[in-house]
Amino acid sequence: MTLRTDTPPAWDERAQPVTFLDSARDTARAKCEGVSADDACRAPLPSSPLMTWCGLISHLRWVEHYWFHVMFLGEELAGPLTEATNDDPEPEMRTAVAIPLPQFLAEYEEQGARYRGLVSEHDLDPTAKRPISDGRQVDLRWVILHLIEETSRHNGHLDIVRELIDGRTGA
């Protein structure tokens, strides 16, 4: 069972958002516990064929990559995100059915540890190397807060998928 807490080890400006992001990540992983390989790729909402456990965890993994590596550090786009088009804006969700959920969860957990290291090595005030779509420069603090929002929103989607497929609620 995934252990989660949103209570930081310290009450400083860095520990609080980092702990909330870790808690949101842990919640996403907890919502995947006990899911069968077949169910991990099932999309229970006919109007949302990409909304599967695999698709959502893949999306969370690549969204973090995008915000930390591409936007904040200024690195080049990588992975399935390079295939995004107007007609297929989220290829990381579409192609996710080819990869087992445990692999996505392991990559997501390992990546979270790497990003905790990245955040610990930077002040929260430096701006990202790349501007957001409206041209403004965000800082690392904003990136972390945005990822808390993004992960928490998709945890709601994971709740819906879970309840529709196997009736489980909570977690």
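Every number in this text was worked out from the coordinates using simple rules, so none of it is lab data. Everything numeric here is computed off the predicted structure, so don't read it as measured data. Heads up, the Cβs are rebuilt from the backbone with ideal geometry, glycines too, and the neighbour counts pull from every protein chain shown.
Table: residues versus (1) loosely packed, with under 15 Cβ neighbours inside 10 Å; (2) charged (D, E, K, R).
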residue: 26; (1), (2): no, yes
residue: 32; (1), (2): no, no
residue: 42; (1), (2): no, yes
residue: 49; (1), (2): yes, no
residue: 61; (1), (2): no, yes
residue: 65; (1), (2): no, no
residue: 68; (1), (2): no, no
residue: 76; (1), (2): yes, yes
residue: 82; (1), (2): yes, no
Checklist line | Filter pass, residue 18 being of a type in the set (A, V, I, L, M, F, W, C), surrounded by 18 or more Cβ atoms within 10 Å (Cβ to Cβ) and in a loop (DSSP other than H, G, I, E, B) | finding: no
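Applying the selection to the range 46-70, what residues are among the aliphatic types (A, V, I, L, M) and out of contact with any helix residue (DSSP H, G or I) (no Cβ under 7 Å at 6 or more places or on another chain)? Walk me through it before giving the result.
Initial filter on the range 46-70 (among the aliphatic types (A, V, I, L, M)): 50-51, 56-57, 60, 63, 70.
Across the range 46-70, the qualifying residue is only 70.
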Check: Just wondering, is there one or more residues in the range 52-63 that are over 26 Å from residue 127 (Cα atoms) and aliphatic (A, V, I, L, M)?
Finding: yes
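Return yes when residue 130 is assigned to a loop (DSSP other than H, G, I, E, B), surrounded by 12 or more Cβ atoms within 10 Å (Cβ to Cβ) and touching a residue at least 40 places away in the same chain (Cβ under 8 Å) and no when it is not. Spell out how you get there, then give the answer.
Details: assigned to a loop (DSSP other than H, G, I, E, B): yes; surrounded by 12 or more Cβ atoms within 10 Å (Cβ to Cβ): yes; touching a residue at least 40 places away in the same chain (Cβ under 8 Å): yes.
Yes; evaluated as a whole, the condition is true for this residue.
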Notebook entry, point to check: Regarding residue 39, is this residue under 16 Å from residue 160 (Cα atoms) and either assigned to a helix (DSSP H, G or I) or touching a residue at least 60 places away in the same chain (Cβ under 8 Å) (or both)?
Noted result: yes
Notebook entry, point to check: Would you pick out the residues in the range 78-127 that are more than 30 Å from residue 36 (Cβ to Cβ) and either assigned to a helix (DSSP H, G or I) or in contact (Cβ under 8 Å) with a residue 60 or more places away in the chain (or both)?
Noted result: 82, 116, 117, 118, 119, 120, 124
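Looking only at residues that are crowded, with 16+ Cβ neighbours inside 10 Å and not acidic (Asp, Glu) in the range 147-159, which one is nearest to residue 38 (Cα to Cα)? Show your work before the answer.
Our first condition is that a residue be crowded, with 16+ Cβ neighbours inside 10 Å; within the range 147-159, this holds for 147-148, 150-151, 154-155, 157-159.
From the residues that got through so far, the ones that are not acidic (Asp, Glu) too are 147-148, 151, 154-155, 157-158.
Numbers: 147: 28, 148: 29, 151: 24, 154: 20, 155: 20, 157: 18, 158: 16 Å.
Only one residue tops the list, namely 158.
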